[in-house]
Amino acid sequence: MKVELPPEPVHFVNRDDEQERAFRSVEQWQGRSRPLVLALRGPGGLGKTELAVLIARSLGARYPFTDGVLSLDLDDFRADGVLDPGDVLSHLLHALDVAPDQVQAQYAARCSQYWNRTSEAKLVLLLDNARYASEVVPLLPASGHSVVIVTSHGPLYDFEAGAAVDLALPPLDERAATELLDLIVRDHRLAADPEAARAVVRLCDGLPAALHVAGRWVRGHRLRPLSRLVTDLAAELDEQGVPGVERIWDTAYAELSGPAAFLYRLLPHHPGETFTLHSATALSGLGPEDCQDALEELDRAGLVDLRLLTLTEAGQMRLPGPLRAHALRKSRREAEQEETAEATARLMRWYVRQAQLADRLAAGRRLTVVDCVGPLAGTPDVFEGDPEAPLGHEAKAARSARAGRWLEEERHVLYACSRLAYSRGMDTEVVALSEPVWTHTLDHPHQSEATETLKRAVDAALRHGGDTAWLVRTRCQLARHLWQAQELEAAQEQVDGAMAALDLLGNTERDRKLAASAVEHRGMLKSTRGEWTAALADFTASRDMHRAIPNPYGALLQTYRMGEASARTGDLETAHRLLSEAHSGFVADGRARLVGRSAFALAGVLYRLGQTAGARELYQEALGHADMRRAGFDLARAHDALAQLEADQGHLAQAEEHHAAAQAFRGRNGLG
């Protein structure tokens, strides 16, 4: 059973009534055509997330029917406050073992894929920080055997009556709040001076988050009598004049050291919803050790959320919404405008460099149009070592996989950096960020925010107007993303724009490669439309351009594309010759993905030519490469092809094995 939940809270009290009602609702649930929804609601600081985690974990342990327990914070999928449900569905499909390249392009198709994948599932799904029921509805599994736990700050009025079990959390009563404070502090002064302890509890207004902050504040002043501590704390809060939990946060902020307070004021300006130790160091300019100390101080003060730290490879942290707003108010009151602008510009340069390094490690050396940003003084890179250093196959693959995971985890921050850079007229950074985003979309297509990032890069190239290479590159990147989403007319517009700019390119090797790439993209769009004869002409022209540079790999890639196009037009002898040449070249160059794909294409030609033995051998080779790379699409189509071949040869048992393997893959990915 897959369990993707943060750790249980160290200290948790009360909420027994809510837990009992939740478990009783699960036991009595009869609505087998839709999942049970448990809606936990209340203002920030009441411990909704902690309670939801406890319920989800208990359901997974108490009920053996569960296939998995999944959790995600919807705030992590917001751009400027707006949720992208398509991106959330992609994340859920990935969590359900759907291969990234199998996620459907269109939103409606992706919804159907999710419903198909969950129609028989028995899941516990935790959706944290929902704002509207309309955000939740598309994410509900299509199974009445599942349970969905939703947390929100207020009532989700747009749920239909009876569609969710409403679990409104009140503030802790004084007894429970005192118990929680005692667990947090474990200090003899509480028992020695119960009146002072009660005063601390009352200052927290029954909010667990405030009690945690106050408890840390009490622990931080071990020598003061509790009565004096309460007096000082109350006076401080009265001077601040902020009601509720923010009074506690104001007091905690006032106790911070200079570097920690400085970092706290800068963090709400960090693009995206999360940050890491590395990015906080880049933002603050404090240096690694001082930034570590500042973050640990913020953690002790209860002014940062570290729950994601051990759950993500990047080591993400975040300021929850209320704390982010509090920190932003402090920044507006106390920070210099130049200080904030300088910090965010420094951070964006650092993120551009990290994304460029991740791109190089994930995809290898390839054509780019923006030079790599140099190291940022005082801030280490996420990826250490020389990206060009020779490595063994396994080490290189591991480094590439890590870079790919970093791009996946940090994609929303990269999108936010692109938005911020564009708003500030930083066109170089916008175009630079689009290149690693484009690489990421090759394995994780159909993300709407990625499309917007690529569109923004085209706009930045147009606004800049001084670099034709930018315009050609960004238009080709966007075109490919658009035709993968079946937006063919929009893709055609971008290809036409790229082709129109070719006359303005120079005669450098890079410019000549760009021109050849643009012709290739025009041919790929034609092939998407089924215009294979016209596509073949473009691939042939692109190969001639690569040969003239010379660029052997580019020429080899076009040979492969020409072979595929020739097969589609029925010229099997030419296709056999071209694909044989391409396959041998890819093997010699160690291009694993293209070795498998050219083997598959060549096998199809051999089979049509009646050379069954050779076709079977190449299909098996393609299958092996797909399995090694965990390439689901390639794996399924190789099994399909082998099933057809074996059936035609009368080998029905072998055919059924391959057919079953292909169907199992499609079933896992909700493709029917």
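Laboratory data are not the source of any read-out in this text; all were calculated from the coordinates shown. Computed from a predicted structure; not experimentally measured. Cβ coordinates were reconstructed from backbone atoms using ideal geometry, including for glycine residues, and neighbour counts include every protein chain displayed.
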Relative to the longest principal axis of the C-alpha atoms of the chain, give the angle of the C-alpha long axis of helix 245-254, reported between 0 and 90° and rounded to the nearest 10°. 90
How large is the convex hull of the Cα atoms of the stretch 2-168 per residue, expressed in Å³ as a whole number? 119
Taking amide H positions as placed 1.01 Å from N in the peptide plane, with prolines and chain starts having none, which residues 5 or more places from V165, or on another chain, fall under 5 Å of its amide H? V37, L38, A39
Would you work out which of V103, V82, V53 lies farthest towards the positive end of the dipole of the stretch 29-111, given +1 charges on the beta-carbon of Lys and Arg and -1 on that of Asp and Glu, about the Cα centre? V53
For S146, what residues show an amide H to amide H distance below 5 Å, using hydrogens built from the backbone and excluding near sequence neighbours? L36, L123
Karplus-derived HN-Hα couplings along the stretch 512-524 (A = 6.51, B = -1.76, C = 1.60, θ = phi - 60°), whole Hz, x at Gly and Pro: 5, 5, 4, 4, 5, 5, 5, 5, 4, 4, 4, x, 5
At 0.36 nm per residue, and after removing the present C-alpha to C-alpha distance, how many nm does the segment from E657 to R593 gain when stretched out fully? 20.6 nm
Looking at the chain, what % of its DSSP beta bridges pair antiparallel, to the nearest 5? 20
Rounded to the nearest 5, what is the percent of antiparallel bridges among the DSSP beta bridges in the stretch 2-168? 10
Calculated from backbone phi, Karplus (6.51, -1.76, 1.60) coupling profile of the stretch 633-643 in Hz, x at Gly/Pro: 4, 5, 5, 5, 6, 5, 4, 4, 5, 5, 4
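Report, in debye and to the nearest 20, how large the dipole of the chain comes out about its Cα centre when Lys and Arg carry +1 and Asp and Glu carry -1 on their Cβ. If you can, show how the numbers build up before the last one.
Numbers: 75 positive and 95 negative charges, 159 e Å.
The calculated dipole for the chain is roughly 760 debye.
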Quick check: Cα centre of the stretch 16-56 to Cα centre of the stretch 517-561, how many Å? 56
Can you give the FRET efficiency to the nearest 0.05 for R568 and D496, using r as the Cβ-Cβ distance and R₀ = 22 Å? 0.40
When the distances between all Cα atoms of the chain are binned every 10 Å from zero, what whole-number percent does each bin get? 3, 13, 21, 23, 19, 12, 6, 3, 1, 0
Simple spin-label estimate for F383/T310, 7 Å along Cα→Cβ, in nm, reads 2.8
Dipole check, the chain, charges on Cβ (K,R +1; D,E -1), about Cα centroid: among Q663, A345, W532 the Cα furthest to the positive pole belongs to W532
With Rg and the Kirkwood Rh both taken from Cα atoms, where does Rg over Rh land for the stretch 54-142? 0.96
Counting helices only, and only those DSSP H runs with n ≥ 4, report the 222 nm mean residue ellipticity of the chain as the sum of -39,500 (n - 2.57) divided by its residues, in deg cm²/dmol to the nearest 500. -20500 deg cm²/dmol
Pull out the extension gain between R510 and R366, defined as 0.36 nm times the separation in residues minus the alpha carbon to alpha carbon distance; nm, one decimal. 50.8 nm
Return the distance in nm (one decimal) between the two label points of a simple spin-label model at R224 and S580, each offset 7 Å from Cα along Cα→Cβ. 8.6
Quickly rank 613-620, 353-360 as a protection proxy: mean count of other C-beta atoms within 10 Å, highest first. 353-360, 613-620
Could you work out how much longer the chain between A401 and T528 gets when fully extended? Use 0.36 nm per residue separation minus the Cα distance between them, nm to one decimal. 42.8 nm
Under a plain spin-label model, where a point goes 7 Å from the Cα along Cα-to-Cβ, how far apart in nm are E339 and D166? 4.5
Phi-based couplings in Hz for the stretch 13-22 (Karplus 6.51, -1.76, 1.60; Gly and Pro marked x): 10, 6, 6, 5, 5, 5, 5, 5, 5, 4
Classified through the alpha carbon gyration tensor (a ≥ b ≥ c as square roots of its eigenvalues; rounded if a/c is under 1.5, else prolate when a/b is larger than b/c, else oblate), the stretch 544-626 comes out oblate
